[in-house]
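One structure is given here, and the rest of the page talks about it.
The values are calculated or read from the model by the stated rules, or taken from the named source; none is laboratory data. Note that this is a predicted model, so its numbers are computed, not measured. Cβ placement follows ideal geometry from the backbone for every residue including glycine, while neighbour counts extend to all protein chains displayed.
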Amino acid sequence: MRHVHAQVVRVLRRVRSPHLLQELPDTIRVPGELVEKGRVLDSFYIPPRYPNSHPEGAPFEHYGPLQSEEAIRYAHEILEFTRSQMA
């Protein structure tokens with residue numbers, strides 16, 4: 001599971017801001033589904049970093065392989081969309 005977490009961290013570090021999709025110029029049409037996936041990724045940004053962000057337990061106890069795999073998949077989809085817009 002640590003390798004999955006490391007992949008998520010690497011992908012998120014490439015993103016300048018957790019709200020990247022919302023900061024794109026109006027000339028770029030972002031599919032609504034990708035905006036929603038960006039919101040899912042936003043929910044993984046701050047809570048895992050702070051020990052008091054959850055009422056009980058350490059942050060790592062609230063995330064598992066399903067969330068990690070979903071986050072990686074969503075991040076890849078957003079990166080692919082971004083790359084296609086830059087081409």
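Condition test on Ser68, is it in contact (Cβ under 8 Å) with a residue 40 or more places away in the chain and on the phi < 0 side of the Ramachandran plot?
Numbers: in contact (Cβ under 8 Å) with a residue 40 or more places away in the chain: yes; on the phi < 0 side of the Ramachandran plot: yes.
Considered against the rule, which asks whether it is in contact (Cβ under 8 Å) with a residue 40 or more places away in the chain and on the phi < 0 side of the Ramachandran plot, Ser68 comes out as yes.
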| Output for the range 26-49, where each listed residue is in a loop (DSSP other than H, G, I, E, B) and surrounded by fewer than 12 Cβ atoms within 10 Å (Cβ to Cβ) | Asp26, Thr27, Ile28, Arg29, Pro31, Ile46
| Tally time: how many residues in the range 32-63 are under 24 Å from Phe81 (Cβ atoms), among the hydrophobic types (A, V, I, L, M, F, W, C) and either in contact with a helix residue (DSSP H, G or I) (Cβ under 9 Å, 6 or more places away or on another chain) or modelled with pLDDT of 80 or more (or both)? | 5
